[in-house]
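The structure appears right after this line, and notes come after that.
The values are calculated or read from the model by the stated rules, or taken from the named source; none is laboratory data. Bear in mind the structure is a predicted one, so any value in this text is a computation, not a measurement. Please note: Cβ atoms are built from the backbone with ideal geometry, for glycine as well, and neighbour counts cover all protein chains shown. The protein model used for the area step is the full one, side chains on, heavy atoms only, and it has no ligands, DNA or RNA in it. Shrake-Rupley method; radii C 1.70, N 1.55, O 1.52, S 1.80 Å.
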Amino acid sequence: MVIVPTHVDPAFIDLYERIADCPNCVLARTRTQTVPGSGPANAEVMFVGEGPGQREDERGQPFVGPAGKLLDELLGAAGWTRADVYVTNVVKCRPPGNRDPEPEEIAACAPFLEEQLHLLDAHLIVTLGRFSMARWFPGAAISRIHGQPRTLEDGRIVVPMYHPAAALRNGGLRPVLAADFGRLPALLERAKANRAAG
Ligand code: URA
């Protein structure tokens, strides 16, 4: 597969420029810069986290702090690296002090996430934490449904996962996350077969 990084793909360049100029919620006032997403424009797997932290706000890249280091390790459990996957967040600007994103901030940013989902058209979507989980599994408890795939009408598969930061706080979740990540390659193959079958 030829890897086309999103920062040189015209559709993503246009989207990232609009994100960079976005004034649509209060997070625009305190951000250093926006953090739209990273990875190949033709990635088959898309990870959706919560929102940028301090390091991400400084660098303009998602998951480059401690949670990102663990994400890299977990990707290894699936036999992947960051070069194989697309990574973004439900909100593209850092919530001050790393507080939870507010519902109106998530709503203001939702059209960007929807556009990314459409442009990338990844076969497998992995939610990291409760805020991205709520896009596909509203009201669900992560402790009950983590790792359990849902097949969408078009054959794509969505899998809810614990957020890597949760495993940094509670080491007992690390093997749970690693086991869930280890099952992702088989789920990707299943999603590809679903879509090939039409
Ligand atoms: N946590 C997230 O949810 N996203 C990031 O980009 C970094 C930490």
| query | For region 88-105, does any single residue satisfy the condition of being surrounded by fewer than 15 Cβ atoms within 10 Å (Cβ to Cβ), under 22 Å from residue 70 (Cα atoms) and more than 16 Å from the ligand (Cβ to nearest atom)? | reply | no
| Condition met for residue 114 (over 22 Å from residue 164 (Cα atoms) and open to solvent by 30 Å² or more (accessible area, probe 1.4 Å)) | yes
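Looking at region 19-41 only, could you name the residues that are basic (Lys, Arg) and open to solvent by 90 Å² or more (accessible area, probe 1.4 Å)? Please lay out each step first, then the result.
The initial filter retains those residues of region 19-41 that are basic (Lys, Arg), namely 29, 31.
Hit for region 19-41 is 29, nothing else.
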| message | If residue 78 satisfies all but one of (1) within 14 Å of the chain's Cα centre (by Cα); (2) open to solvent by less than 20 Å² (accessible area, probe 1.4 Å), what's the number of the condition it fails? | response | (1)
| field | Residues satisfying the stated conditions in region 13-70, i.e. without any contact (Cβ under 8 Å) to a residue 12 or more places away in the chain and within 9 Å of the ligand (Cβ to nearest atom) | value | 64
| remark: Cβ pairs under 8 Å, 6+ apart or interchain, first in region 155-169 and open to solvent by 20 Å² or more (accessible area, probe 1.4 Å) and away from the ligand (no atom under 12 Å from the Cβ), second among the aliphatic types (A, V, I, L, M) and assigned to a strand (DSSP E or B), ordered by first then second residue, are 156/124; 156/125
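Enumerate the helices (runs of 4 or more DSSP H) found wholly within region 126-190, keeping only those where 1 or more residues are hydroxyl-bearing (Ser, Thr, Tyr). Working first, answer last.
On the way: elements: 130-136, 142-145, 164-169, 173-182.
The helices (runs of 4 or more DSSP H) meeting that bar are 130-136, 142-145.
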| field | Inter-residue pairs, beta-carbon under 7 Å, first open to solvent by less than 10 Å² (accessible area, probe 1.4 Å) and in region 178-195, second assigned to a helix (DSSP H, G or I) and at pLDDT below 95, 6+ apart | value | 181/77
| said: Considering only residues that are loosely packed, with under 14 Cβ neighbours inside 10 Å and part of a helix (DSSP H, G or I), which ones fall in region 1-10? | reply: 7, 8, 10
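Taking the condition open to solvent by less than 10 Å² (accessible area, probe 1.4 Å), at positive phi, under 19 Å from the mean Cα position of the chain (by Cα) and of a type in the set (Gly, Ala, Ser), does residue 49 pass?
Working: open to solvent by less than 10 Å² (accessible area, probe 1.4 Å): yes; at positive phi: no; under 19 Å from the mean Cα position of the chain (by Cα): yes; of a type in the set (Gly, Ala, Ser): yes.
It is false that residue 49 is open to solvent by less than 10 Å² (accessible area, probe 1.4 Å), at positive phi, under 19 Å from the mean Cα position of the chain (by Cα) and of a type in the set (Gly, Ala, Ser).
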